[in-house]
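K.L.:
If you scroll down you'll find the structure; I have some questions about it.
The values are calculated or read from the model by the stated rules, or taken from the named source; none is laboratory data. Only a predicted model underlies this, so the values are computations on that prediction, with no experimental measurement involved. As a convention, Cβ positions derive from the backbone with ideal geometry for all residues, glycine included, and neighbour counts pool all protein chains shown. Ligands, DNA and RNA are stripped out before the accessible areas are found, and what is left, the full protein with its side chains, is counted by its heavy atoms. Shrake-Rupley method; radii C 1.70, N 1.55, O 1.52, S 1.80 Å.
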There are 4 protein chains.
Amino acid sequence: MQTIGVSAKLHDERAGSLARELIDWLRRQGREVLVDDTVPGFDELPLVEMPARVDLMVVLGGDGTLLHVARRFIGHDTPILGINLGRLGFLTEAAAGNMLEVVGQVLAGRAKIKTHFSLEAQAWRDGQALESGHAINDVVLQRNDHPRMIEFEMHVYGHFMFRLRADGLVLATPAGSTAYALSAGGPIVHPEVAAISVVPICPHILSNRPVVLPASAGIELILIESPAPAALNLDGQVHHELCAGDRIQVNQAGTVSLAYLPERHYFEVLRSKLLWAGHAQE
Amino acid sequence: MQTIGVSAKLHDERAGSLARELIDWLRRQGREVLVDDTVPGFDELPLVEMPARVDLMVVLGGDGTLLHVARRFIGHDTPILGINLGRLGFLTEAAAGNMLEVVGQVLAGRAKIKTHFSLEAQAWRDGQALESGHAINDVVLQRNDHPRMIEFEMHVYGHFMFRLRADGLVLATPAGSTAYALSAGGPIVHPEVAAISVVPICPHILSNRPVVLPASAGIELILIESPAPAALNLDGQVHHELCAGDRIQVNQAGTVSLAYLPERHYFEVLRSKLLWAGHAQE
Amino acid sequence: MQTIGVSAKLHDERAGSLARELIDWLRRQGREVLVDDTVPGFDELPLVEMPARVDLMVVLGGDGTLLHVARRFIGHDTPILGINLGRLGFLTEAAAGNMLEVVGQVLAGRAKIKTHFSLEAQAWRDGQALESGHAINDVVLQRNDHPRMIEFEMHVYGHFMFRLRADGLVLATPAGSTAYALSAGGPIVHPEVAAISVVPICPHILSNRPVVLPASAGIELILIESPAPAALNLDGQVHHELCAGDRIQVNQAGTVSLAYLPERHYFEVLRSKLLWAGHAQE
Amino acid sequence: MQTIGVSAKLHDERAGSLARELIDWLRRQGREVLVDDTVPGFDELPLVEMPARVDLMVVLGGDGTLLHVARRFIGHDTPILGINLGRLGFLTEAAAGNMLEVVGQVLAGRAKIKTHFSLEAQAWRDGQALESGHAINDVVLQRNDHPRMIEFEMHVYGHFMFRLRADGLVLATPAGSTAYALSAGGPIVHPEVAAISVVPICPHILSNRPVVLPASAGIELILIESPAPAALNLDGQVHHELCAGDRIQVNQAGTVSLAYLPERHYFEVLRSKLLWAGHAQE
């Protein structure tokens, strides 16, 4: 690992100062460091060029910042290490407090790699493809800026699955199952299960339950009715505004590789971050 | 019941034509009919003047139309009869198919009256009262036009109850418990229970459960954090846009009186409209 | 408050020793103390005679012990004070650690009284009344000692409500809403709401939701099918074994009066005991 | 497919008479038919010998009967065809009404095969292995014949996952996700997802959510506290009674092969049998 990429949460003073501390430390260790435009005062390399250039990518910020960077690394096996500044951190590995120690261990080859698959969402309007996008956590179709529900259909492998009036629908990877899908009532899906969770958001119906589909499922959503433009959100960012008649195809896409240290176990994260089963700690 | 008010769903051809049929029929029976601006071709009486003038108010439309009219009747005991054209009708009594028969029975004194209490929401910004409003179903604080969650506190009788990151919160009357509160996961509350349901919308937390408070509870919500203006919705209509720091006081307010025929029982409506307990019909 | 009754958790060494400490202390204060058969070494007064004799009843144990004693006080307004040794204590007021201080404050007249209504359950077989019983938390119909579900109907005010295949059904008072009804997925109902929660246990159906009925609802359950004797449990104690065809009438019955100190607020108990809204403490 | 095995629901007149009709029809077609002890009047072949002898196994009965037969076929790839007489039939393929047509199509090679993995449960007491068993739907640890909850721990891959007070726990295969796990609140897991659902039954805690683990997860349950013998149920049948201190290891085991006709799609079964998304039919 000779070349290390660094990116930090934008407009966050603490992330910036940690980034500078890390860059100094890495250079003193004789590593080449490439920095994107999130850390002022260095030569910038656009984030989009990082995957081809770096051996390890370090991201300083919460899960949101990590997702933003990681989407650029979809399909590459360069490991990404997240240093957590944020609230909930299922993807970020380390706390800011022991950043140098953790980076040191990763450089020393003691990290393991978890791969997470991504989803590709391709929207269509009147037979024309709109801009496509990728998500590592979730693809969400949701009403926006209007209090009335939307109505949509879901088809899988070409088979009609259901039609629903709701605030929206979350399609989540296992990584996303502890993000918005959890809030909407979905199950926790272990990162090693190759599955997509289908979780309606506030459906106006009683007979409803989250469904876990194979990751390979070819999914199509059709927006039937929407009193105002609905939002297609990828990883919690608005990707496109949709109107009645639009279709969205969602398919499994490439993976990203996240570095982590074996000390921290998934269930421990569940318990400490979600107070799962009532335990703040063991 | 000499003077009958009539209002219909706006811009709905079928509602308009039913309204004209009803008005003709009522006049042939020697009743005075007052019509608001929703039915073209008649002398208009503003809706706001109806409560003081009519002995019975007939509303042609779904629950949304009925709620719109009923909010003008809060604090009056004039009975309102809803003729349902819409999808789910917990408040509307009759289907359009037997409108004349049902209206005839109500005029003949065979109706019963259900009273529903309303909620008053008063928002405050920097110590200044914003416009207040009433709801018969629900007061909803909700993120709007932005994919990130809001954070808010709830206090009851001056006691801190909880602080939550979520998409929002529903405060529902029993009438509203089968509307948006149901979609958000709340319990079904029988109309005769004097209670307000507190139902978080997509809270990002596991340890959460709807809470049923006394109708008399003095509730205050404080919007702590909101990445974009949040919406204060009353009965599914945007009432105000709120920003961080705003406070909303919610209190029980006056009642409305809905006319219904004793044939139709509440549980039957639950079963037929919500497929409750899996029954489309008995 | 001259005469104080004392009862302790049976076969619990710590409860017994606390009871003796309390009895000594009360006598030194010049109070008359009456003790039931749960604390060896004193003249016994049967629990059933306590309500007519004491001005305050102190119970040392968890919610289970308190419920056992309180059922004898249904219909009496003698205040009961619970000193908590157990795990979850919504009904017990004080922790063992400050028992004497709390009892002292209650004797000094600084306690408030919460009244809780009870439920009466009357089972019928072939037109014959079986033994009736009372519950302060919940009446539960449940399969027992057999892995197959039971099937039952529920009627309210003589109206058919639903028919369900499930493991059982909880009918809970507000006090019981944080006990077994909570585990079965029911809402938290504030103690001042006059309501009964209807919470199915593991129903084999999707279209299901807890229902909150008026406390005055006249409820009848009919056990339609049961592969083995089903249990009718009152406050978590087996009251009767039931078989197919048996009917159970459940109605609101008398109240009990629980003493508490105003320092401790209901929502605080929710947060600290249930980690509600993710808070172990404020 | 020359040799066909037939088994029917025990003590069920209709199943028996359908079985005889089927056996006659198969013999007229020149097939050899082997019958177990569930259909009187034929030479009996013990069920345990069927897998080695037959090319197709036809089962007349509900999902329970099919599970009973299928457990004998774990690890064999002989297809099993279920003819449904029961209430919910996710595993049984055909309705009794068109039995001969469906069997004919299967014999003509028009069936597809779904494989379902099974779970093996091995209980241990004081270091001694108790009798092990297999389940196709679910392994359930549950309190039995006592109204008080049990307490248990779950470990996965040797890592502590949680400790819980509850009525029990369901570990379900995807096939079992629409059986008891559904009643306990678990997600619907598509049969092609290689996963085990972990669904607590009535946990006395708020911060709880079903978890979906990889099918390969090595699971261990430890019964910490149980006021009376708890039940270890496999596919809804009591397998063993357990007491505090007992351990249960649950692992993925061999598969069974179920024959089905491609006409009927999984989502259609969900909609028609569970009224999923409110649809009794499309």
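K.L.:
Tell me, which strands (runs of 3 or more DSSP E) lie completely within the range A:221-282 with 2 or more residues that are closer than 28 Å to A:N98 by Cα and open to solvent by less than 10 Å² (accessible area, probe 1.4 Å)?
P.N.:
A:247-260
K.L.:
Can I ask one more? Within the bounds of the range B:154-177, is there any residue that is part of a strand (DSSP E or B), at the interface with another protein chain (Cβ under 9 Å from one of its Cβ atoms), among the β-branched types (V, I, T) and within 30 Å of A:A277 (Cα to Cα)?
P.N.:
Within the range B:154-177 (the criterion being part of a strand (DSSP E or B), at the interface with another protein chain (Cβ under 9 Å from one of its Cβ atoms), among the β-branched types (V, I, T) and within 30 Å of A:A277 (Cα to Cα)), the answer is yes, since at least one residue qualifies.
K.L.:
So, one more: Does D:E192 count as closer than 26 Å to C:A181 by Cα, out of contact with any helix residue (DSSP H, G or I) (no Cβ under 8 Å at 6 or more places or on another chain) and surrounded by fewer than 23 Cβ atoms within 10 Å (Cβ to Cβ)?
P.N.:
Here the answer is no, as D:E192 does not meet what is asked.
K.L.:
I'd like to verify a number: residues in the range A:103-153 that are more than 24 Å from A:I80 (Cα to Cα) and within 14 Å of chain B (Cβ to nearest Cβ), how many?
P.N.:
Selection size over the range A:103-153: 12.
K.L.:
Just to verify a result, which residue in the range D:96-109, among those that are surrounded by fewer than 22 Cβ atoms within 10 Å (Cβ to Cβ) and touching a helix residue (DSSP H, G or I) at 6+ places or on another chain (Cβ under 8 Å), is farthest from D:L171 (Cα to Cα)?
P.N.:
Per the stated criteria, the residue is D:L100.
K.L.:
Within the range A:66-109, how many residues are assigned to a loop (DSSP other than H, G, I, E, B), among the hydrophobic types (A, V, I, L, M, F, W, C), under 18 Å from A:Y266 (Cα atoms) and free of Cβ contacts under 8 Å to residues at least 40 places away in the same chain? So that I can check it myself, show each step before the final result.
P.N.:
Looking only at the range A:66-109, we keep the residues that are assigned to a loop (DSSP other than H, G, I, E, B), and these are A:74-78, A:85-93, A:108-109.
Filter once more, so that each one left must be among the hydrophobic types (A, V, I, L, M, F, W, C): A:74, A:85, A:88, A:90-91, A:108.
Subsequent filtering for residues that are under 18 Å from A:Y266 (Cα atoms) retains A:88, A:90-91.
Now narrow it down to the ones that are free of Cβ contacts under 8 Å to residues at least 40 places away in the same chain: none.
Residues meeting the conditions: 0.
K.L.:
For the range B:204-213, enumerate the residues that are open to solvent by less than 10 Å² (accessible area, probe 1.4 Å), touching a strand residue (DSSP E or B) at 6+ places or on another chain (Cβ under 7 Å) and not β-branched (V, I, T). Give the derivation first.
P.N.:
Taking the range B:204-213 first, the residues open to solvent by less than 10 Å² (accessible area, probe 1.4 Å) are B:206-207, B:211-213.
Of the ones still in play, those that are also touching a strand residue (DSSP E or B) at 6+ places or on another chain (Cβ under 7 Å) are B:211-213.
Answer for the range B:204-213, where residues must be open to solvent by less than 10 Å² (accessible area, probe 1.4 Å), touching a strand residue (DSSP E or B) at 6+ places or on another chain (Cβ under 7 Å) and not β-branched (V, I, T): just B:L213.
K.L.:
Now for a different question. Checking A:A8 against (1) touching a strand residue (DSSP E or B) at 6+ places or on another chain (Cβ under 6 Å); (2) farther than 16 Å from A:I80 by Cα; (3) not hydroxyl-bearing (S, T, Y): exactly one of these is not met. Which one?
P.N.:
(2)
K.L.:
Same structure, new question: Can you pull out the residues in the range A:178-196 that are of a type outside the set (V, I, T) and assigned to a strand (DSSP E or B)? Full working, then the answer.
P.N.:
First, pick out the residues of the range A:178-196 that are of a type outside the set (V, I, T): A:179-187, A:190-192, A:194-195.
The one that is of a type outside the set (V, I, T) and assigned to a strand (DSSP E or B): A:A195.
K.L.:
Only one residue in C:I83, C:I74 is crowded, with 18+ Cβ neighbours inside 10 Å and over 17 Å from C:W25 (Cβ atoms). Which one? Don't jump to the end; show me each part of the working.
P.N.:
Working: C:I83 fails: over 17 Å from C:W25 (Cβ atoms).
From the options C:I83, C:I74, the qualifying one is C:I74.
K.L.:
For D:R53, work out the one condition from (1) in contact (Cβ under 8 Å) with a residue 40 or more places away in the chain; (2) touching a helix residue (DSSP H, G or I) at 6+ places or on another chain (Cβ under 6 Å); (3) open to solvent by 30 Å² or more (accessible area, probe 1.4 Å) it doesn't fulfil.
P.N.:
Here D:R53 clears every test but (2).
K.L.:
Could you please let me know if A:G61 is of a type outside the set (S, T, N, Q) and either open to solvent by 10 Å² or more (accessible area, probe 1.4 Å) or assigned by TED's automatic domain parsing to the domain that holds A:Q237 (or both)? Step through it out loud before you land on a result.
P.N.:
Values: of a type outside the set (S, T, N, Q): yes; either open to solvent by 10 Å² or more (accessible area, probe 1.4 Å) or assigned by TED's automatic domain parsing to the domain that holds A:Q237 (or both): no.
Here the answer is no, as A:G61 does not meet what is asked.
K.L.:
Checking D:A19 against (1) of a type in the set (G, A, S); (2) buried (at least 18 other Cβ atoms within 10 Å of the Cβ); (3) touching a residue at least 60 places away in the same chain (Cβ under 8 Å), only one condition comes out false. Which one?
P.N.:
So the condition that D:A19 fails would be (3).
K.L.:
Please enumerate the residues belonging to the range A:110-149 that are open to solvent by 40 Å² or more (accessible area, probe 1.4 Å), in contact (Cβ under 8 Å) with a residue 40 or more places away in the chain and not in a strand (DSSP E or B).
P.N.:
A:R110, A:D126, A:E131, A:D145, A:H146, A:R148
K.L.:
When you go through A:V54, A:V59 one by one, which is the residue that is in contact with a strand residue (DSSP E or B) (Cβ under 6 Å, 6 or more places away or on another chain) and within 30 Å of B:I205 (Cβ to Cβ)?
P.N.:
A:V59
K.L.:
Follow-up question, since we're still on this one. From C:E21, C:E32, C:E49, grab the single residue that is of a type in the set (D, E) and within 26 Å of C:G236 (Cα to Cα).
P.N.:
Sole residue among the options that is of a type in the set (D, E) and within 26 Å of C:G236 (Cα to Cα): C:E49.
K.L.:
I would also like to ask the following. Which ones in the range C:1-35 are at pLDDT 95 or above and among the charged types (D, E, K, R)?
P.N.:
Scanning the range C:1-35 gives C:R20, C:E21, C:D24, C:R27, C:R28, C:R31, C:E32.
K.L.:
I need a count of the residues in the range D:180-189 that are more than 8 Å from chain C (Cβ to nearest Cβ) and open to solvent by 10 Å² or more (accessible area, probe 1.4 Å).
P.N.:
Step one: filter the range D:180-189 for residues more than 8 Å from chain C (Cβ to nearest Cβ), giving D:181, D:186-189.
So of that shortlist, the ones also open to solvent by 10 Å² or more (accessible area, probe 1.4 Å) come out as none.
The number of residues fulfilling the criteria is 0.
K.L.:
Being of a type in the set (K, R) and at the interface with another protein chain (Cβ under 8 Å from one of its Cβ atoms) is the requirement here; does C:R247 meet it?
P.N.:
No: the conditions fail for C:R247.
K.L.:
May I pose another question? Looking only at the range A:155-166, how many residues end up being out of contact with any helix residue (DSSP H, G or I) (no Cβ under 7 Å at 6 or more places or on another chain) and surrounded by 24 or more Cβ atoms within 10 Å (Cβ to Cβ)?
P.N.:
Of the residues in the range A:155-166, 0 are out of contact with any helix residue (DSSP H, G or I) (no Cβ under 7 Å at 6 or more places or on another chain) and surrounded by 24 or more Cβ atoms within 10 Å (Cβ to Cβ).
K.L.:
Among the residues of the range B:29-50, how many are assigned to a helix (DSSP H, G or I) and open to solvent by 10 Å² or more (accessible area, probe 1.4 Å)?
P.N.:
3
K.L.:
Quick check on my filter: what residues within the range C:190-222 are among the polar types (S, T, N, Q) and within 7 Å of another protein chain (Cβ to nearest Cβ)?
P.N.:
C:S207, C:N208, listed by residue number.
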